[in-house]
Amino acid sequence: GCRPRAIFLYNRHTTRYPDKENIVEMQDVLPQLLRNIQSAVKEKKVHICKADLEQLERWKMPFKPHHDNKVTPSGKSVVGDQVRRLRRRFPGLFQGRFNASDFVVGYTSRERTRQTAEAFLEHLLSKQDFDAVNFGPPQDSLLQFHKECNKLIKEKKSTPVEVDKFEKGPYMKRLLDTMSWRLGFNVTRDDVDIMYRACVFEYAIHEASPWCAAFNEAELKAIEFREDLDDYYKDAYGLKRNYAQACPIVRELVDRFRNVSKDPSQPTKLLYFSHAGGFKKVVARLGLYRDAE
């Protein structure tokens, strides 16, 4: 069979905390939403089970502004799991004598990508070998290629028409009505966003969040669909300009593999850590996971 000679990893950073702006907003708004629920409980307007209400009563804000976008401990653990899977899948690539020149490590100027790169190599290498790896400076021009397209960035600021239609359509109206009935007060779209953000971040980082009780499964899927729709038109197959931008990464992949095929002394562990916006564009550029027309 085939024997892998090199690996090219283009990775989103791992699990992170919310950004400072979102944390401050949650600190300001969530306690008021909790008070609204507590007032509705007294008026017997709430339709949430007792156990979930007790969890909400005990809720304390788990994030601080200084957490701003940093990688979480759970995120570092996720990276360790990823390294173990890669070791099992490509044992020949990660065995043998360490050579620092085998490694190319790329990350952006945002701290979370450097932290993810470090966590990856800490799980992969010994302390001595880790210290020998040359991280080099951030590579924003390559790994945040989409930020270079200033004209396109300005164009994409508006909400895609399809997303706007869904947002203003009957499904989201029913969602607001149902959530208002469940929580006992008039829930706004902004309220939904901030409770959803608390739910997903707390669940991703701490594996539980009392704010998830504000939603049923169908509502969570509806909000996820809205986000997927937005991604489709801003980062993926919805517009050709999205994935047309990803050529620098594809060129890097092809050039690196071509170099290794011609010269075995070239680096064979090509590890790049970027962001969701770039990652989705690269996936689309490679034609992956595209539904039949």
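The values are calculated or read from the model by the stated rules, or taken from the named source; none is laboratory data. What you see is a predicted model; the values in this text were computed from it and never measured. Positions of Cβ are generated from backbone atoms using ideal geometry, with glycine treated the same way; all protein chains shown enter the neighbour counts.
Against the numbered list (1) in contact (Cβ under 8 Å) with a residue 40 or more places away in the chain; (2) of a type outside the set (S, T, N, Q); (3) in contact with an Asp or Glu (Cβ under 8 Å, 6 or more places away or on another chain), A208 comes up short only at (1). Checking Y243, Y272 one by one, the residue that is in a helix (DSSP H, G or I), hydroxyl-bearing (S, T, Y) and surrounded by 11 or more Cβ atoms within 10 Å (Cβ to Cβ) is Y243 and no other. For first residues located in segment 268-284 and in contact (Cβ under 8 Å) with a residue 40 or more places away in the chain and among the β-branched types (V, I, T), partners that are surrounded by 21 or more Cβ atoms within 10 Å (Cβ to Cβ) and in a strand (DSSP E or B) and lie 6+ apart or on another chain with Cβ distances below 8 Å form the pairs V282/Y10. From the list F201, F225, F185, the one residue that fits, being at pLDDT 95 or above and in a loop (DSSP other than H, G, I, E, B), is F185. If we scan segment 253-269, do we find a residue that is under 18 Å from K147 (Cα atoms) and either under 22 Å from the mean Cα position of the chain (by Cα) or modelled with pLDDT under 95 (or both)? Within segment 253-269, not a single residue is under 18 Å from K147 (Cα atoms) and either under 22 Å from the mean Cα position of the chain (by Cα) or modelled with pLDDT under 95 (or both). Restricting attention to segment 14-56, which residues are part of a helix (DSSP H, G or I), within 20 Å of R110 (Cβ to Cβ) and either basic (K, R) or free of Cβ contacts under 8 Å to residues at least 12 places away in the same chain (or both)? Once the filter is applied, which keeps residues that are part of a helix (DSSP H, G or I), within 20 Å of R110 (Cβ to Cβ) and either basic (K, R) or free of Cβ contacts under 8 Å to residues at least 12 places away in the same chain (or both), segment 14-56 yields K20, E21. The condition (being under 25 Å from V282 (Cβ atoms), in contact with an Asp or Glu (Cβ under 9 Å, 6 or more places away or on another chain) and touching a residue at least 12 places away in the same chain (Cβ under 8 Å)) is satisfied by just one residue among F8, F63: F8.
Restricting attention to segment 58-105, the residues that are part of a loop (DSSP other than H, G, I, E, B), touching a Pro at 6+ places or on another chain (Cβ under 7 Å) and under 21 Å from Y272 (Cβ atoms) add up to 1. Assessment of segment 120-134 against the conditions (surrounded by fewer than 19 Cβ atoms within 10 Å (Cβ to Cβ), in contact with a Ser or Thr (Cβ under 9 Å, 6 or more places away or on another chain), in contact (Cβ under 8 Å) with a residue 12 or more places away in the chain and assigned to a loop (DSSP other than H, G, I, E, B)) yields at least one matching residue. Considering T159, T113, T178, T108, the condition of being assigned to a loop (DSSP other than H, G, I, E, B) and at pLDDT 95 or above is satisfied by T108 alone.
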